[in-house]
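One structure is given below, encoded as structure tokens.
The values are calculated or read from the model by the stated rules, or taken from the named source; none is laboratory data. Predicted, not measured: the structure shown is a model, and the values here were computed from it. Here the Cβ positions follow ideal geometry from the backbone for every residue, glycine too, while neighbour counts run over all protein chains shown. Keep in mind that these areas ignore ligands, DNA and RNA; they rest on the heavy atoms of the full protein, side chains included. Shrake-Rupley method; radii C 1.70, N 1.55, O 1.52, S 1.80 Å.
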Amino acid sequence: GAGVSQSPSNKVTEKGKDVELRCDPISGHTALYWYRQSLGQGLEFLIYFQGNSAPDKSGLPSDRFSAERTGGSVSTLTIQRTQQEDSAVYLCASSAILAGAQEQYFGPGTRLTVT
Amino acid sequence: AQKITQTQPGMFVQEKEAVTLDCTYDTSDPSYGLFWYKQPSSGEMIFLIYQGSYDQQNATEGRYSLNFQKARKSANLVISASQLGDSAMYFCAMRDTGNQFYFGTGTSLTVIP
């Protein structure tokens, strides 16, 4: 079946502009995560959605970042008034809440460059 | 507080040899899961192996095994018979009871021919 997809794959934007990053999780996966990975660094947790529960926004670095998940499926991460330090790869992952491994399946990421 | 610690920023191993990548974790949850992911230079994150906190035996998946020492809170990844294609970043991760994931800073593995 289809894996996690993300769009766009690459995004170049000017400082101060808003951007929207999209994630389509694996069908049936109730958990969805957003991470940020700067060049050569580990994964920085941003936000976590689980079913219809209120999202865990504890990782969002500032109020310029927001995310929503419509209908328990597709998610959009929005960065307002982008700054150069927002340049990174944004990874989305989904997971099924079942017994067993419940590993995360990652999308290919969106590479954001703020000029 | 850092939940996952990977103390080896970079490791080298000779082709066909075994290598151990270290990972320690910190949690007070009685139930948790431990994961290893591989990230090649192409950037995708590839799930390798999983260990549940209640699992009695160490997990194995082909050439990958997880050396789980619960009392020491360590979950080291062992790669046997290293191949050139194993060169990549390796991330250790933990899932807590709230299904939140925590990732380490990663270890860069280079396999030398």
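Okay, here's what the table says:
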quantity: Where a residue in segment B:83-107 is more than 8 Å from chain A (Cβ to nearest Cβ) and its partner, wherever it lies, is of a type in the set (Gly, Ala, Ser) and open to solvent by less than 10 Å² (accessible area, probe 1.4 Å), with Cβ under 6 Å and at least six apart; calculated: B:89/B:106; B:92/B:104
quantity: Entirely in segment B:1-52, the strands (runs of 3 or more DSSP E) that have 1 or more residues that are more than 15 Å from residue B:75 (Cα to Cα); calculated: B:10-14, B:33-39, B:46-52
quantity: Qualifying residue in segment A:33-42 (condition: touching a Ser or Thr at 6+ places or on another chain (Cβ under 8 Å), among the aliphatic types (A, V, I, L, M) and part of a loop (DSSP other than H, G, I, E, B)); calculated: no
quantity: Failed condition for residue A:94, given (1) more than 14 Å from chain B (Cβ to nearest Cβ); (2) under 13 Å from residue A:25 (Cα atoms); calculated: (1)
quantity: Given (1) on the phi > 0 side of the Ramachandran plot; (2) open to solvent by less than 50 Å² (accessible area, probe 1.4 Å), number of the condition residue A:40 does not satisfy; calculated: (2)
quantity: Residue satisfying condition, being under 10 Å from the mean Cα position of the chain (by Cα) and either open to solvent by 70 Å² or more (accessible area, probe 1.4 Å) or farther than 26 Å from residue B:7 by Cα (or both), within set A:48, A:105, A:33; calculated: A:48
quantity: Hey, residue A:64 under 30 Å from residue B:49 (Cα atoms) and either within 11 Å of another protein chain (Cβ to nearest Cβ) or under 15 Å from the mean Cα position of the chain (by Cα) (or both) or not; calculated: no
quantity: Selected residue (criterion: farthest from residue B:5 (Cα to Cα)) from residues of segment A:54-69 that are open to solvent by less than 70 Å² (accessible area, probe 1.4 Å) and not in a strand (DSSP E or B); calculated: A:64
quantity: Residue check, residue A:111 under 23 Å from residue A:16 (Cβ atoms), open to solvent by 60 Å² or more (accessible area, probe 1.4 Å), in a strand (DSSP E or B) and in contact with a Lys or Arg (Cβ under 9 Å, 6 or more places away or on another chain); calculated: yes
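Okay, residues lined up against (1) at pLDDT 95 or above; (2) among the polar types (S, T, N, Q); (3) buried (at least 16 other Cβ atoms within 10 Å of the Cβ); (4) out of contact with any strand residue (DSSP E or B) (no Cβ under 7 Å at 6 or more places or on another chain):
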{"residue": "B:62", "(1), (2), (3), (4)": "yes, no, no, yes"}
{"residue": "B:79", "(1), (2), (3), (4)": "yes, no, yes, no"}
{"residue": "B:83", "(1), (2), (3), (4)": "yes, yes, no, no"}
{"residue": "B:86", "(1), (2), (3), (4)": "yes, no, yes, no"}
{"residue": "B:94", "(1), (2), (3), (4)": "no, no, yes, no"}
{"residue": "B:98", "(1), (2), (3), (4)": "no, no, no, yes"}
